[in-house]
1. Starting from residues that are among the small types (Gly, Ala, Ser) and either free of Cβ contacts under 8 Å to residues at least 12 places away in the same chain or in contact with a Lys or Arg (Cβ under 7 Å, 6 or more places away or on another chain) (or both), keep the ones in the range 204-240 and report whichever is farthest from residue 282 (Cα to Cα).
2. Mind counting the residues in the range 267-281 that are surrounded by fewer than 23 Cβ atoms within 10 Å (Cβ to Cβ), at pLDDT 95 or above and not polar (S, T, N, Q)?
3. Collect the residues in the range 1-52 that are farther than 17 Å from residue 279 by Cβ and part of a loop (DSSP other than H, G, I, E, B), keeping them in residue-number order.
4. Just to be sure before I move on: is residue 84 among the basic types (Lys, Arg), over 20 Å from residue 221 (Cα atoms) and in contact with a Gly (Cβ under 8 Å, 6 or more places away or on another chain) in the structure I sent?
5. When you go through (1) outside any strand (DSSP E or B); (2) within 14 Å of residue 109 (Cβ to Cβ) one by one for residue 255, which number turns out not to apply?
6. Which residues, counting only those in the range 116-160, are more than 22 Å from residue 82 (Cα to Cα), touching a Phe, Trp or Tyr at 6+ places or on another chain (Cβ under 7 Å) and assigned to a helix (DSSP H, G or I)?
7. Please pick out the residue among 227, 204, 215 that is in contact with a Phe, Trp or Tyr (Cβ under 9 Å, 6 or more places away or on another chain), buried (at least 19 other Cβ atoms within 10 Å of the Cβ) and not in a strand (DSSP E or B).
Amino acid sequence: MNYQRIIEDLYRTILREPDTGSVAAYIPELSAVDPDKFGIYLTTVENENFGTGDCHELFSIQSIAKVLSLSLAYNMLGGELWKRVGVEPSGSAFNSLVQLEYDAGIPRNPFINAGAIVICDILQSLLQDPKNDLLQFIREVSGLPGLDYSPEIAASERSQGYRNMALIHFIKSFGNIQNDIEPVIDLYFHLCSIRMSCAQLTRTFLFLANNGRDTRTGQAILNMSQTKRINAIMQTCGFYDEAGEFAYTVGLPGKSGVGGGIVAVHPNKYCIAVWSPRLNRKGNSQRGMWFLEQFTTETQLSIF
């Protein structure tokens with residue numbers, strides 16, 4: 001498979017199409033990003049690398065990082081985790097409060113904001129130094145010892161985080177937040193502040209294409225059963241209320257973020273990341289969705 005040729009051909013094709021999406025202007029730091037940035041990178045489980053465009057430029061990965069916090073919590077707590085958060089698609093906006101009322105404070109899945117906040121509460125209970133310990137885990141998985149939170153993005157998130165503050169207080173009222181609110185929401189805002197490039201993202205998420213093992217060291221980050229389940233949740237819940245559309249058109253487990261990034265994995269084959277800041281009306285990268293649909297069609301490689 002000539003991945004480099006396919007990536008470059010599709011990249012040029014999509015650049016010629018009008019990109020009518022909008023950046024996530026409700027987060028001040030994201031509103032300042034050049035909306036025309038566009039990068040693609042693919043890493044195979046044999047550690048072959050292919051990329052084009054702005055694939056080495058750092059951007060805010062936002063909700064993509066929720067997969068990493070979930071991986072750490074799942075590794076530490078095992079199946080007990082699912083007593084606090086579900087695994088079902090939400091069918092509503094990523095920051096909705098409505099379902100929490102119906103579901104007695106149990107978020108539908110760990111990738112909507114409410115679910116990720118509960119995961120942060122779990123980590124707050126499990127870790128001695130939650131913010132630093134979570135960061136160290138992500139550094140180890142990514143192979144980026146210099147990786148850090150962005151204080152500017154975290155502060156920007158907090159400055160407009162009214163809905164997330166409402167979510168955590170509402171969940172707390174049902175008893176599903178067990179720690180003080182401030183350190184939990186602070187951990188959540190910092191998690192969403194992490195910046196990576198497409199190339200770094202594919203390396204970071206490659207363990208999910210390799211049965212839970214780091215392809216460089218062979219170290220098990222998750223066991224095979226846990227890896228299967230996280231990939232399944234990415235497939236059904238990774239794109240807010242557009243997860244069904246992504247499964248239908250692309251056919252890969254993946255996760256998006258409102259910074260314009262998308263990461264997707266083909267088990268036993270590769271991990272691919274796309275970044276384009278303009279979002280469609282569902283909050284997913286418009287060019288990213290287009291590219292990945294055409295990529296899996298051209299390569300005839302999806303999980304279906």
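1. Applying the filter and picking the extreme gives 218.
2. 3
3. 1, 2, 16, 45, 46, 47, 48
4. Working: among the basic types (Lys, Arg): yes; over 20 Å from residue 221 (Cα atoms): yes; in contact with a Gly (Cβ under 8 Å, 6 or more places away or on another chain): no.
So residue 84 does not fit the description; no.
5. For residue 255, the failing item is (1).
6. Matches in the range 116-160: 135, 141, 154, 157, 158.
7. Exactly one residue qualifies, and that residue is 227.
Per-residue answers, yes or no, for (1) without any contact (Cβ under 8 Å) to a residue 40 or more places away in the chain; (2) of a type outside the set (Asp, Glu); (3) exposed (fewer than 15 other Cβ atoms within 10 Å of the Cβ); (4) in contact with a helix residue (DSSP H, G or I) (Cβ under 8 Å, 6 or more places away or on another chain):
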{"position": "123", "(1), (2), (3), (4)": "no, yes, no, yes"}
{"position": "129", "(1), (2), (3), (4)": "yes, no, yes, no"}
{"position": "141", "(1), (2), (3), (4)": "no, yes, no, yes"}
{"position": "156", "(1), (2), (3), (4)": "no, yes, no, yes"}
{"position": "160", "(1), (2), (3), (4)": "no, yes, yes, yes"}
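The values are calculated or read from the model by the stated rules, or taken from the named source; none is laboratory data. Bear in mind the structure is a predicted one, so any value in this text is a computation, not a measurement. Note that each Cβ is placed from the backbone with ideal geometry, even for glycine, and that neighbours are counted across all protein chains shown.
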